[in-house]
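Encoded as structure tokens, the structure appears first; notes follow it.
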């Protein structure tokens, strides 16, 4: 009997030595789950490996690996027992604890990303965070999810964003961090599309401040413009499914999706598409009301967020002594009206209406702040990039039978690029106007890219 027990223990320990570094979304070996009575052996193996690691960077690598394993365990728990809320809550708590440890480990790192090993780990950490975020979003799609668990997951996603924000300030330069993010969201995204990339960046934006926040906002802006162009061009995906019809699908964090749709609407030109987005927005609000409920606390939190952003906007306008262009002034007036409506609806206890109006106000204010954060950095380089993109689209158009709309857009793009180059060369206008021109050209090029697919 004793030898049998030893044999069983040997098998368990052998299984525990198999690495689950393979990312949660990619499947692979997961091993014992937190609900298993022998799970402590898995934790013991992890602890022993960490004790034997002496270098801080190696310890960080092990914490990243453990976080990856626990994300895989969480996903597996939700797959096999989605109705077992207690077990799922334990798995979430297990993963949450590891995130706290990982955050603490990042804070202890004294080196910078100039170290090649740390540079590699930072890329891995960002890619894994994106994927873990997607795992949590997938769990949120469970309509039977307990309200407390849903709240836990929202909190977890906030911790993830804090981890990345801390990472930027302590270890990485903002330029390198943005490059890593863009690469992870485009080249190595693991299935994250432009909409979900914009959602992720919107969540991260809330945990950043100052120039770091502006840089994340600028990257999010690029994804929103790309999405806008795809919508303007009526992009049809495989199976004759339109992109527009998918904008309200798979919204794990519905409030975050609502925020992004509001910001997307601000960048569109086509009024018919704006109307469609309004309908999607209403559908999302109804889903939030039905499955999560919209109480006074939730609505008030969004109203307070809008007020805080409005204070930032007023401060920036004040710094310029009112010297801002007409589009910013118009955005301010629209945002103030939406915020006034939100407060009025809140007093009437129409909390879903209040949340909707406050969300709209936030999107409008962010658009204005984005214009006021305009910088002259890299204008000439951006103009050259736009010219290169235009040349490629022109080549593609010439290899097809171009429609009148494509020809008109090409003509408009060429004209705007020539005007932009002249304005930049002569420094003939305000930074906001130049950045607005750049965004306008980006939208035209994104629309052309969609039409020429």
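Values quoted throughout were computed directly from the atomic coordinates according to the rules given, and no laboratory measurement underlies them. The model shown is predicted, which means the values in this text are computed figures rather than measured ones. Please note: Cβ atoms are built from the backbone with ideal geometry, for glycine as well, and neighbour counts cover all protein chains shown.
Highest mean first, the peptides 198-209, 268-279 sorted by other C-beta atoms within 10 Å per residue fall in the order 198-209, 268-279. Fewest neighbouring Cβ atoms within 10 Å first, the residues 194, 47 line up as 47, 194. In this calculation the C-beta distance from residue 40 to residue 430 is compared with R0 = 60 Å, giving a FRET efficiency of 0.40.
Going through (i) 41, 34, 18; (ii) 62, 24, 19; (iii) 42, 26, 23, the figure that equals semi-axes √(5λ) of the Cα gyration tensor in Å as computed for the structure here is (iii). Fewest neighbouring Cβ atoms within 10 Å first, the residues 46, 265, 58 line up as 58, 46, 265.
Using helices alone, I'd like the mean residue ellipticity at 222 nm for the chain: each DSSP H run of four-plus residues gives -39500 (n - 2.57), total over residue count, nearest 500.
Values: 17 runs with 341 residues, N = 453.
Value at 222 nm, helices only: -26000 deg cm²/dmol.
When a/c reaches 1.5 or more, the comparison of a/b and b/c decides; with that in mind, is the stretch 119-216 rounded, prolate or oblate per its Cα gyration tensor? Since a/c reaches 1.5 and a/b is larger than b/c, the shape of the stretch 119-216 is classed as prolate.
Going by the alpha-carbon gyration tensor, a ≥ b ≥ c the square roots of its eigenvalues, is the stretch 9-192 rounded (a/c under 1.5) or, if a/c is not under 1.5, prolate (a/b greater than b/c) versus oblate? Because a/c hits 1.5 or more and a/b fails to exceed b/c, the stretch 9-192 counts as oblate. Averaging sequence separations of C-alpha pairs under 8 Å and six or more residues apart, then dividing by the length of the stretch 379-451, give the relative contact order as a whole percent. That works out to 47 percent. The relative contact order of the stretch 294-372, computed from alpha carbon pairs under 8 Å that lie at least 6 residues apart in sequence, is 47 percent. Per-peptide packing, taken as the mean over residues of other Cβ atoms within 10 Å, places 125-137, 299-311 in the sequence 125-137, 299-311 from highest down.
Could you tell me whether the stretch 379-451 comes out rounded, prolate or oblate from its Cα gyration tensor? Rule is a ≥ b ≥ c as square roots of the eigenvalues, rounded for a/c under 1.5, then prolate if a/b exceeds b/c, otherwise oblate. Prolate, since a/c reaches 1.5 and a/b exceeds b/c.
Relative protection proxy for 145-154, 87-96, 353-362, from highest mean packing down: 353-362, 87-96, 145-154 (other beta-carbon atoms within 10 angstrom).
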